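A short write-up of the structure that comes next.
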Ligand code: ADP
Ligand code: MG
(Lines give C-alpha, C1' and ligand atoms only; values in the text may rest on other atoms or scores of the structure.)
(Ligands and ions follow the chains in the order given, each with its own letter.)
Protein backbone atom coordinates (compact mmCIF):
# COMPACT_ATOMS: atom_id res chain seq x y z
CA UNK A 1 0.00 0.00 0.00
CA UNK A 2 1.14 3.52 -0.77
CA UNK A 3 2.09 5.79 2.04
CA UNK A 4 -0.68 8.26 1.06
CA UNK A 5 -3.39 5.55 1.21
CA UNK A 6 -2.19 4.61 4.69
CA UNK A 7 -2.61 8.19 5.78
CA UNK A 8 -6.15 8.30 4.26
CA UNK A 9 -7.01 5.09 6.07
CA UNK A 10 -5.74 6.41 9.39
CA UNK A 11 -7.62 9.69 8.97
CA UNK A 12 -10.74 7.73 7.99
CA UNK A 13 -10.55 5.57 11.11
CA UNK A 14 -10.05 8.59 13.34
CA UNK A 15 -13.00 10.39 11.70
CA UNK A 16 -15.26 7.35 12.00
CA UNK A 17 -14.26 7.00 15.64
CA UNK A 18 -15.03 10.65 16.25
CA UNK A 19 -18.44 10.43 14.57
CA UNK A 20 -19.25 7.29 16.55
CA UNK A 21 -18.15 9.03 19.74
CA UNK A 22 -20.33 12.07 18.99
CA UNK A 23 -23.36 9.92 18.28
CA UNK A 24 -22.92 7.85 21.43
CA UNK A 25 -21.94 10.74 23.71
CA UNK A 26 -24.44 11.95 26.26
CA UNK A 27 -25.77 15.34 25.24
CA UNK A 28 -26.72 17.92 27.80
CA UNK A 29 -30.07 19.58 27.11
CA UNK A 30 -31.28 22.46 29.25
CA UNK A 31 -34.53 24.37 29.43
CA UNK A 32 -35.42 27.25 31.74
CA UNK A 33 -38.82 28.93 31.97
CA UNK A 34 -40.76 31.10 34.34
CA UNK A 35 -43.83 29.32 35.67
CA UNK A 36 -45.54 28.62 39.00
CA UNK A 37 -44.36 32.10 39.97
CA UNK A 38 -40.75 30.96 39.94
CA UNK A 39 -37.84 29.98 37.73
CA UNK A 40 -38.02 26.37 36.58
CA UNK A 41 -34.71 25.00 35.45
CA UNK A 42 -34.12 21.57 33.95
CA UNK A 43 -31.11 19.63 32.72
CA UNK A 44 -31.19 16.23 31.08
CA UNK A 45 -28.49 14.02 29.62
CA UNK A 46 -29.35 11.75 26.73
CA UNK A 47 -27.67 10.25 23.67
CA UNK A 48 -30.68 11.08 21.55
CA UNK A 49 -31.16 14.82 21.28
CA UNK A 50 -34.63 14.57 19.76
CA UNK A 51 -35.81 12.25 22.54
CA UNK A 52 -34.46 14.75 25.07
CA UNK A 53 -36.16 17.75 23.53
CA UNK A 54 -39.47 15.88 23.25
CA UNK A 55 -39.24 14.64 26.83
CA UNK A 56 -38.66 18.16 28.11
CA UNK A 57 -41.54 19.53 26.12
CA UNK A 58 -43.93 16.96 27.58
CA UNK A 59 -42.59 17.66 31.09
CA UNK A 60 -43.14 21.41 30.69
CA UNK A 61 -46.56 20.74 29.15
CA UNK A 62 -47.53 18.83 32.28
CA UNK A 63 -46.33 21.66 34.49
CA UNK A 64 -48.32 24.31 32.60
CA UNK A 65 -51.44 22.12 32.68
CA UNK A 66 -51.25 21.32 36.40
CA UNK A 67 -50.33 24.83 37.45
CA UNK A 68 -53.77 26.02 36.30
CA UNK A 69 -55.68 23.18 37.97
CA UNK A 70 -54.07 23.77 41.38
CA UNK A 71 -53.84 27.57 41.57
CA UNK A 72 -56.70 28.93 43.70
CA UNK A 73 -56.30 32.42 42.20
CA UNK A 74 -56.86 31.19 38.68
CA UNK A 75 -60.58 31.43 37.87
CA UNK A 76 -60.31 28.35 35.62
CA UNK A 77 -58.88 26.23 38.41
CA UNK A 78 -60.68 23.45 40.20
CA UNK A 79 -59.48 24.83 43.52
CA UNK A 80 -61.11 28.17 42.68
CA UNK A 81 -64.46 26.42 42.18
CA UNK A 82 -64.05 24.33 45.34
CA UNK A 83 -63.41 27.48 47.38
CA UNK A 84 -66.20 29.44 45.77
CA UNK A 85 -68.75 26.70 46.49
CA UNK A 86 -67.47 25.80 49.97
CA UNK A 87 -70.26 24.68 52.28
CA UNK A 88 -72.76 24.33 49.44
CA UNK A 89 -71.98 21.28 47.28
CA UNK A 90 -69.38 18.59 46.50
CA UNK A 91 -67.37 19.27 43.33
CA UNK A 92 -66.13 16.70 40.83
CA UNK A 93 -62.41 17.25 40.40
CA UNK A 94 -59.66 15.79 38.20
CA UNK A 95 -57.77 12.69 39.30
CA UNK A 96 -54.73 14.89 39.92
CA UNK A 97 -56.52 17.36 42.20
CA UNK A 98 -58.11 14.45 44.09
CA UNK A 99 -54.68 12.89 44.48
CA UNK A 100 -53.01 16.08 45.77
CA UNK A 101 -55.82 16.74 48.22
CA UNK A 102 -55.85 13.18 49.59
CA UNK A 103 -52.07 13.12 50.04
CA UNK A 104 -52.18 16.54 51.71
CA UNK A 105 -54.82 15.40 54.18
CA UNK A 106 -52.60 12.41 55.06
CA UNK A 107 -49.68 14.73 55.84
CA UNK A 108 -52.11 16.85 57.86
CA UNK A 109 -52.92 13.77 59.97
CA UNK A 110 -49.28 12.69 60.27
CA UNK A 111 -48.14 16.14 61.44
CA UNK A 112 -50.97 16.81 63.91
CA UNK A 113 -52.33 19.59 61.70
CA UNK A 114 -49.03 21.52 61.36
CA UNK A 115 -49.51 21.08 57.63
CA UNK A 116 -53.00 22.23 56.71
CA UNK A 117 -54.22 22.94 53.18
CA UNK A 118 -57.19 24.93 54.53
CA UNK A 119 -54.71 27.67 55.46
CA UNK A 120 -56.12 30.07 52.80
CA UNK A 121 -58.23 32.29 55.13
CA UNK A 122 -55.06 33.09 57.10
CA UNK A 123 -52.99 33.73 53.98
CA UNK A 124 -55.78 36.09 52.84
CA UNK A 125 -55.89 37.86 56.20
CA UNK A 126 -52.17 38.60 56.09
CA UNK A 127 -52.57 39.56 52.41
CA UNK A 128 -49.59 37.48 51.39
CA UNK A 129 -49.15 37.65 47.67
CA UNK A 130 -50.28 41.26 47.45
CA UNK A 131 -48.29 44.48 47.71
CA UNK A 132 -50.22 45.89 50.69
CA UNK A 133 -49.24 43.42 53.38
CA UNK A 134 -50.95 43.73 56.73
CA UNK A 135 -50.42 42.73 60.36
CA UNK A 136 -53.79 41.49 61.68
CA UNK A 137 -55.16 42.13 65.17
CA UNK A 138 -55.42 39.38 67.79
CA UNK A 139 -59.16 39.33 67.37
CA UNK A 140 -58.91 38.90 63.61
CA UNK A 141 -56.40 36.09 64.09
CA UNK A 142 -58.61 34.30 66.64
CA UNK A 143 -61.63 34.50 64.32
CA UNK A 144 -59.73 33.32 61.26
CA UNK A 145 -57.91 30.43 62.96
CA UNK A 146 -61.36 28.87 63.54
CA UNK A 147 -61.86 28.55 59.78
CA UNK A 148 -58.66 26.55 59.31
CA UNK A 149 -59.15 22.81 59.79
CA UNK A 150 -58.24 20.19 57.22
CA UNK A 151 -60.88 17.85 58.69
CA UNK A 152 -63.46 20.00 56.91
CA UNK A 153 -62.23 18.62 53.60
CA UNK A 154 -64.30 15.59 52.62
CA UNK A 155 -63.11 13.39 49.81
CA UNK A 156 -65.42 10.90 48.14
CA UNK A 157 -63.29 8.45 46.17
CA UNK A 158 -66.22 6.73 44.46
CA UNK A 159 -67.71 9.92 43.07
CA UNK A 160 -64.36 11.63 42.59
CA UNK A 161 -65.63 14.64 44.52
CA UNK A 162 -64.36 16.99 47.19
CA UNK A 163 -66.62 18.86 49.58
CA UNK A 164 -65.47 21.74 51.74
CA UNK A 165 -67.71 21.38 54.74
CA UNK A 166 -68.43 24.83 56.06
CA UNK A 167 -68.68 28.29 54.55
CA UNK A 168 -65.41 30.20 54.76
CA UNK A 169 -63.31 27.04 54.33
CA UNK A 170 -60.77 27.61 51.60
CA UNK A 171 -57.94 25.56 50.17
CA UNK A 172 -54.47 26.88 49.44
CA UNK A 173 -52.23 24.29 47.83
CA UNK A 174 -49.25 26.66 47.75
CA UNK A 175 -47.36 24.51 50.25
CA UNK A 176 -47.30 21.42 47.99
CA UNK A 177 -48.41 22.28 44.46
CA UNK A 178 -44.85 22.81 43.25
CA UNK A 179 -43.68 19.51 44.71
CA UNK A 180 -46.57 17.61 43.16
CA UNK A 181 -46.06 19.28 39.79
CA UNK A 182 -42.32 18.50 39.83
CA UNK A 183 -43.21 14.83 40.43
CA UNK A 184 -45.59 14.77 37.47
CA UNK A 185 -42.97 16.37 35.23
CA UNK A 186 -40.42 13.78 36.37
CA UNK A 187 -42.96 11.04 35.56
CA UNK A 188 -43.23 12.49 32.06
CA UNK A 189 -39.43 12.34 31.64
CA UNK A 190 -39.31 8.76 32.93
CA UNK A 191 -42.06 7.74 30.53
CA UNK A 192 -39.95 9.08 27.65
CA UNK A 193 -37.06 6.91 28.75
CA UNK A 194 -34.91 9.62 30.35
CA UNK A 195 -32.44 8.13 32.83
CA UNK A 196 -30.46 11.22 33.89
CA UNK A 197 -32.20 14.48 34.80
CA UNK A 198 -32.35 17.41 37.19
CA UNK A 199 -35.47 19.53 37.67
CA UNK A 200 -35.59 22.58 39.92
CA UNK A 201 -38.78 24.64 40.43
CA UNK A 202 -37.57 27.47 42.64
CA UNK A 203 -36.03 25.20 45.28
CA UNK A 204 -38.28 22.17 44.76
CA UNK A 205 -35.76 19.79 43.20
CA UNK A 206 -35.97 16.20 42.01
CA UNK A 207 -33.35 14.21 40.12
CA UNK A 208 -33.41 11.07 38.00
CA UNK A 209 -30.41 8.74 38.18
CA UNK A 210 -26.95 10.26 38.19
CA UNK A 211 -24.74 12.28 35.87
CA UNK A 212 -23.24 10.49 32.83
CA UNK A 213 -19.81 10.34 34.49
CA UNK A 214 -21.34 8.24 37.27
CA UNK A 215 -21.28 10.99 39.88
CA UNK A 216 -24.29 12.01 41.97
CA UNK A 217 -26.14 15.29 41.50
CA UNK A 218 -24.67 17.82 43.93
CA UNK A 219 -27.30 20.11 45.39
CA UNK A 220 -26.49 23.24 47.35
CA UNK A 221 -28.77 24.41 50.18
CA UNK A 222 -28.94 28.18 50.33
CA UNK A 223 -27.75 30.05 53.38
CA UNK A 224 -30.93 31.58 54.88
CA UNK A 225 -29.19 34.85 55.78
CA UNK A 226 -26.61 35.20 53.03
CA UNK A 227 -28.22 35.55 49.60
CA UNK A 228 -25.34 34.15 47.62
CA UNK A 229 -24.01 31.70 50.16
CA UNK A 230 -24.45 27.94 50.34
CA UNK A 231 -24.78 26.42 53.80
CA UNK A 232 -24.78 22.72 52.90
CA UNK A 233 -24.18 20.40 49.96
CA UNK A 234 -25.98 17.11 49.50
CA UNK A 235 -25.31 14.41 46.89
CA UNK A 236 -28.40 12.73 45.49
CA UNK A 237 -29.49 10.04 43.08
CA UNK A 238 -33.19 9.40 42.28
CA UNK A 239 -34.46 11.63 45.08
CA UNK A 240 -36.17 14.92 45.78
CA UNK A 241 -34.95 17.79 47.94
CA UNK A 242 -37.08 20.76 48.92
CA UNK A 243 -36.29 23.80 51.04
CA UNK A 244 -38.77 26.09 52.80
CA UNK A 245 -37.29 29.31 54.12
CA UNK A 246 -38.47 32.45 55.86
CA UNK A 247 -36.39 34.45 53.35
CA UNK A 248 -38.39 33.56 50.23
CA UNK A 249 -41.46 35.71 50.74
CA UNK A 250 -41.57 38.05 53.70
CA UNK A 251 -42.11 41.61 54.82
CA UNK A 252 -40.74 43.55 57.76
CA UNK A 253 -42.80 45.86 60.02
CA UNK A 254 -41.15 47.54 63.03
CA UNK A 255 -38.13 45.26 62.69
CA UNK A 256 -40.28 42.11 62.82
CA UNK A 257 -40.04 39.70 59.91
CA UNK A 258 -43.36 38.23 58.78
CA UNK A 259 -43.08 35.29 56.39
CA UNK A 260 -45.56 33.08 54.59
CA UNK A 261 -45.38 29.81 56.54
CA UNK A 262 -48.18 30.05 59.06
CA UNK A 263 -48.78 28.06 62.21
CA UNK A 264 -52.43 27.01 61.82
CA UNK A 265 -52.86 27.02 65.62
CA UNK A 266 -51.81 30.63 66.23
CA UNK A 267 -52.47 32.07 62.78
CA UNK A 268 -49.05 33.73 62.83
CA UNK A 269 -45.82 33.12 60.93
CA UNK A 270 -44.06 30.24 62.61
CA UNK A 271 -41.03 31.24 64.71
CA UNK A 272 -37.84 29.48 65.74
CA UNK A 273 -36.85 27.90 62.43
CA UNK A 274 -35.53 29.90 59.48
CA UNK A 275 -34.97 27.11 56.94
CA UNK A 276 -35.97 23.49 56.51
CA UNK A 277 -34.72 21.14 53.81
CA UNK A 278 -36.31 17.73 53.39
CA UNK A 279 -34.96 14.87 51.29
CA UNK A 280 -37.56 12.29 50.23
CA UNK A 281 -38.21 9.78 47.45
CA UNK A 282 -40.60 12.26 45.80
CA UNK A 283 -40.98 16.05 45.69
CA UNK A 284 -44.55 16.07 47.02
CA UNK A 285 -43.47 14.47 50.29
CA UNK A 286 -40.37 16.66 50.56
CA UNK A 287 -42.43 19.81 49.92
CA UNK A 288 -45.21 18.97 52.37
CA UNK A 289 -42.80 17.98 55.13
CA UNK A 290 -40.55 20.99 54.64
CA UNK A 291 -43.53 23.26 55.32
CA UNK A 292 -44.76 21.05 58.19
CA UNK A 293 -41.37 20.84 59.92
CA UNK A 294 -41.07 24.59 59.75
CA UNK A 295 -44.25 24.84 61.81
CA UNK A 296 -43.45 21.93 64.14
CA UNK A 297 -40.11 23.37 65.21
CA UNK A 298 -36.81 21.64 65.90
CA UNK A 299 -37.76 19.12 68.56
CA UNK A 300 -41.11 17.85 67.28
CA UNK A 301 -40.00 18.18 63.68
CA UNK A 302 -36.89 16.04 64.24
CA UNK A 303 -38.91 13.47 66.18
CA UNK A 304 -41.40 13.02 63.34
CA UNK A 305 -38.79 12.95 60.59
CA UNK A 306 -36.60 10.44 62.46
CA UNK A 307 -39.61 8.13 62.70
CA UNK A 308 -39.95 8.10 58.90
CA UNK A 309 -37.00 6.07 57.54
CA UNK A 310 -37.26 7.35 53.96
CA UNK A 311 -37.07 11.01 54.94
CA UNK A 312 -34.09 13.12 56.01
CA UNK A 313 -33.94 16.77 57.00
CA UNK A 314 -31.66 19.74 57.56
CA UNK A 315 -33.20 22.28 59.95
CA UNK A 316 -31.67 25.69 60.62
CA UNK A 317 -32.70 27.47 63.79
CA UNK A 318 -32.90 31.24 64.41
CA UNK A 319 -29.38 31.21 65.87
CA UNK A 320 -28.19 29.89 62.45
CA UNK A 321 -27.28 26.48 63.84
CA UNK A 322 -27.58 23.59 61.39
CA UNK A 323 -29.30 20.42 62.63
CA UNK A 324 -29.39 17.21 60.59
CA UNK A 325 -31.19 13.87 60.94
CA UNK A 326 -29.08 10.86 61.93
CA UNK A 327 -29.38 9.39 58.42
CA UNK A 328 -27.49 12.36 56.97
CA UNK A 329 -24.50 12.10 59.30
CA UNK A 330 -21.38 11.94 57.12
CA UNK A 331 -23.42 12.43 53.96
CA UNK A 332 -23.83 16.18 53.95
CA UNK A 333 -21.13 18.79 53.64
CA UNK A 334 -21.88 21.65 56.06
CA UNK A 335 -20.19 24.97 55.33
CA UNK A 336 -20.35 27.36 58.23
P1 LIG B 1 -42.25 28.10 49.00
O2 LIG B 1 -43.54 28.51 48.37
O3 LIG B 1 -41.37 29.25 49.34
O4 LIG B 1 -41.54 27.02 48.27
P5 LIG B 1 -43.52 26.40 51.00
O6 LIG B 1 -43.49 25.14 50.26
O7 LIG B 1 -43.15 26.29 52.44
O8 LIG B 1 -42.57 27.52 50.43
O9 LIG B 1 -44.97 26.97 50.88
C10 LIG B 1 -45.42 28.12 51.50
C11 LIG B 1 -46.87 28.26 51.11
O12 LIG B 1 -47.61 27.21 51.72
C13 LIG B 1 -47.54 29.53 51.59
O14 LIG B 1 -47.41 30.55 50.64
C15 LIG B 1 -48.98 29.09 51.73
O16 LIG B 1 -49.60 29.09 50.47
C17 LIG B 1 -48.85 27.66 52.18
N18 LIG B 1 -48.82 27.48 53.64
C19 LIG B 1 -48.43 28.34 54.61
N20 LIG B 1 -48.51 27.78 55.84
C21 LIG B 1 -48.97 26.52 55.64
C22 LIG B 1 -49.29 25.42 56.52
N23 LIG B 1 -49.13 25.51 57.83
N24 LIG B 1 -49.73 24.29 55.94
C25 LIG B 1 -49.90 24.18 54.61
N26 LIG B 1 -49.62 25.15 53.74
C27 LIG B 1 -49.16 26.31 54.24
MG1 MG C 1 -43.76 23.17 51.05
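The values are calculated or read from the model by the stated rules, or taken from the named source; none is laboratory data. These numbers come from a predicted model, not from an experiment. All Cβ positions, glycine included, derive from the backbone under ideal geometry; neighbour counts span all protein chains shown.
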Residue 181: in the same structural domain as residue 38 (by TED's automatic domain parsing) and without any contact (Cβ under 8 Å) to a residue 40 or more places away in the chain, yes or no?
no
Any residue at all in the stretch 151-171 that's closer than 18 Å to residue 294 by Cβ and not assigned by TED's automatic domain parsing to the domain that holds residue 55?
no
Exactly one of (1) within 15 Å of ligand 1 (Cβ to nearest atom); (2) over 21 Å from the mean Cα position of the chain (by Cα); (3) within 24 Å of residue 37 (Cβ to Cβ); (4) assigned to a helix (DSSP H, G or I) is unmet by residue 141. Its number?
(3)
Hey, any hits in the stretch 227-241 for a residue that's outside the structural domain of residue 147 (by TED's automatic domain parsing) and within 14 Å of ligand 2 (Cβ to nearest atom)?
yes
Residue check, residue 59 touching a residue at least 24 places away in the same chain (Cβ under 8 Å) and surrounded by 20 or more Cβ atoms within 10 Å (Cβ to Cβ)
yes
Can you find a residue in the stretch 40-50 that is modelled with pLDDT under 95 and in a strand (DSSP E or B)?
no
Of all the residues that make up the stretch 72-96, how many are closer than 30 Å to residue 195 by Cα and buried (at least 16 other Cβ atoms within 10 Å of the Cβ)?
1
Out of all the residues in the stretch 163-202, which are surrounded by fewer than 23 Cβ atoms within 10 Å (Cβ to Cβ) and over 23 Å from the mean Cα position of the chain (by Cα)?
163, 165, 166, 167, 168, 169
Index of the failed condition, residue 69 passing every other in (1) part of a helix (DSSP H, G or I); (2) surrounded by fewer than 17 Cβ atoms within 10 Å (Cβ to Cβ); (3) without any contact (Cβ under 8 Å) to a residue 40 or more places away in the chain:
(2)
